[in-house]
1. Within segment 435-466, which residues are surrounded by 14 or more Cβ atoms within 10 Å (Cβ to Cβ) and within 28 Å of residue 332 (Cβ to Cβ)?
2. Looking only at residues in segment 44-63 that are within 17 Å of residue 117 (Cα to Cα) and over 17 Å from the mean Cα position of the chain (by Cα), which one is surrounded by the most Cβ atoms within 10 Å (Cβ to Cβ)?
3. Can residue 4 be described as modelled with pLDDT under 95, surrounded by fewer than 23 Cβ atoms within 10 Å (Cβ to Cβ) and touching a helix residue (DSSP H, G or I) at 6+ places or on another chain (Cβ under 9 Å)?
4. Considering only segment 128-183, state which residues are of a type in the set (Asp, Glu) and touching a helix residue (DSSP H, G or I) at 6+ places or on another chain (Cβ under 8 Å).
5. Name the residue, out of 389, 436, 424, that is closer than 21 Å to residue 184 by Cα, of a type outside the set (S, T, N, Q) and in contact with a Ser or Thr (Cβ under 7 Å, 6 or more places away or on another chain).
6. Can you pull out the residues in segment 141-183 that are among the hydroxyl-bearing types (Ser, Thr, Tyr) and open to solvent by less than 30 Å² (accessible area, probe 1.4 Å)?
7. Exactly one condition in (1) touching a helix residue (DSSP H, G or I) at 6+ places or on another chain (Cβ under 6 Å); (2) part of a helix (DSSP H, G or I) is false for residue 194; which is it?
8. Run residue 83 past the list (1) assigned to a loop (DSSP other than H, G, I, E, B); (2) surrounded by 24 or more Cβ atoms within 10 Å (Cβ to Cβ) and report the number of the one that doesn't hold.
Amino acid sequence: MRVTGTGHASMRIDTAAGSILCDPWVNPAYFASWFPFPDNSQLDWETLGDVDYLYVSHLHRDHFDEAHLRRFISKKATVLLPEYPTSELEDELREVGFTRFIRTKTNEVTELDGGLKVLIQALTSPTDGPIGDSSLWVEYDGVRLLNQNDARPTDLTMFAELGHVHAHLLQFSGAIWYPMVYELPNAAKTAFGKQKRERQYDRTWRYIDDLKASHVFPIAGPPCFLDDELWQFNDIHGDEGNIFPDQSDFLREYAKVGGSNAIVLLPGTVTELTADGGARTEHPVADLDEFFANKEQHLREYQERQRPVIEAAKQSWRHPEVDVLKEMKRRIEPLLEESVYLAKGVGGPVRFDLVGYDGESIESVVVDFPGKQVRPYADEKVRYRFRTERALIEQLLHSGEVDWVNSLFLSCRFSAARIGQYNEFVYAFFKCLSEERLQYAEGWYAEQKPDAEDIKLGDWIVQRRCPHLKADLTRFGIVEGNQLTCQLHGWRFDLPSGRCLTSVGHEVRARRAGTPAPAEAEPAPADPAAG
């Protein structure tokens, strides 16, 4: 099996039974803020795109590059489709021009022609990517590969049970806007960023240890930021709170925990894998260390090549003909009316401060979740406040974007402030600005059941599954004193009260070991009028 690095989370997998291209991303994403690092635009995409199969893990724009798919990827390729609850990914790929699809079943092996086997595990909570994320397992002639990309499954056991994995490709770097965009003192921002960077690595080490593959490939990051306005987000300034470490930093940190089996995939790197665990790698550069030592120079040259692209993108965002308040009311108010769980979860008004073309004037619009309306700001206290350019919201409304997370928020072209804890429902709602997405998210939250199984962690008896996204706390739970941390996403809980310290809601069931479990309350009699 041959693996060719094609940038970020993208790779081409070649076997004698066929080739698979995964997540090809070249063009800037999220309002021209994210670019692949290193630059992969110089690869021979005409050749790379002539494949038998295409796998797009999910619809995040650093995985689904519409323009690149349309121009360079052969429409004769058969798409390996994850089993998602909505048809959006298939619809988007059909619009681009693909017509051949294999609809896989989650966690079931699919046998393709010539002895090539694949399995796609789809994650389907409203907080997984844009309504879904996935991982791809591939087997041919005794060689197995897991492309986990930036999916976060709660358990890798099933992949290990299919046989020893020879190549494990997974995310290690940040892919979020926190804490950089928050209006915090610099010292606090650095401290939170450092904590997040450490959590990212802790999660990566845990996944690596779970699978115990022959070789580990750090992928799906970092992006780089070539706009002058965002340049400070690149990890070249000695900031220990930067959440976007690169592959060379991964190698250093991995070595500290005893890791010695990592292989870096630069665009153009080729690794040949064999069933006995062998791996022969050729890089497109003579010296990896020298390449990363000159990272800032590479970024500056890349920036100059892409500057016209960024400026052209900026010119396209303004739509003065769009009445922002009117359009937000038209699009969002019907969804507020239908929302029960998300609206209750947000629990208060969310304010958008829209900075005008002059860089000074501000129009403030409130999305009032309890009041089920969009209206001008009325000087009330709000739980969340976002400040961004009016032009960006105009573009979202003009294009009919249904996922503001997969556009505005990941762009980092905004600032934010909040009162209290992180609230996942805010971001879940703004990625569900369509009838289909909203109904799915509402149904998902409605179906969540309390976890009945308890486990012992330290001096505490706690429920086995994390209240956030059901991670197994026997594997991801850490108890320090009276506090529980789920290392899958870094969520923290106060054990004596059960209160979540990371977000509103999501209480955990916990009691000290040796104390009796509380008696279950008798169920209330049914209300004959409740139907």
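The values are calculated or read from the model by the stated rules, or taken from the named source; none is laboratory data. Here the structure is a predicted model, which means the values were calculated and not measured. Virtual Cβ from ideal backbone geometry, glycine too; neighbours counted across all protein chains shown. Surface accessibility is based on the protein's heavy atoms, side chains included, excluding ligands, DNA and RNA. Shrake-Rupley method; radii C 1.70, N 1.55, O 1.52, S 1.80 Å.
1. Passing the criteria: 436, 437, 438, 439, 440, 441, 442, 444, 445.
2. 54
3. For residue 4, the condition - modelled with pLDDT under 95, surrounded by fewer than 23 Cβ atoms within 10 Å (Cβ to Cβ) and touching a helix residue (DSSP H, G or I) at 6+ places or on another chain (Cβ under 9 Å) - is not met.
4. 141, 155 - these are the residues of segment 128-183 that are of a type in the set (Asp, Glu) and touching a helix residue (DSSP H, G or I) at 6+ places or on another chain (Cβ under 8 Å).
5. 424
6. 173, 182
7. Only one criterion is unmet by residue 194, namely (1).
8. With respect to (1) assigned to a loop (DSSP other than H, G, I, E, B); (2) surrounded by 24 or more Cβ atoms within 10 Å (Cβ to Cβ), residue 83 is out only on (2).
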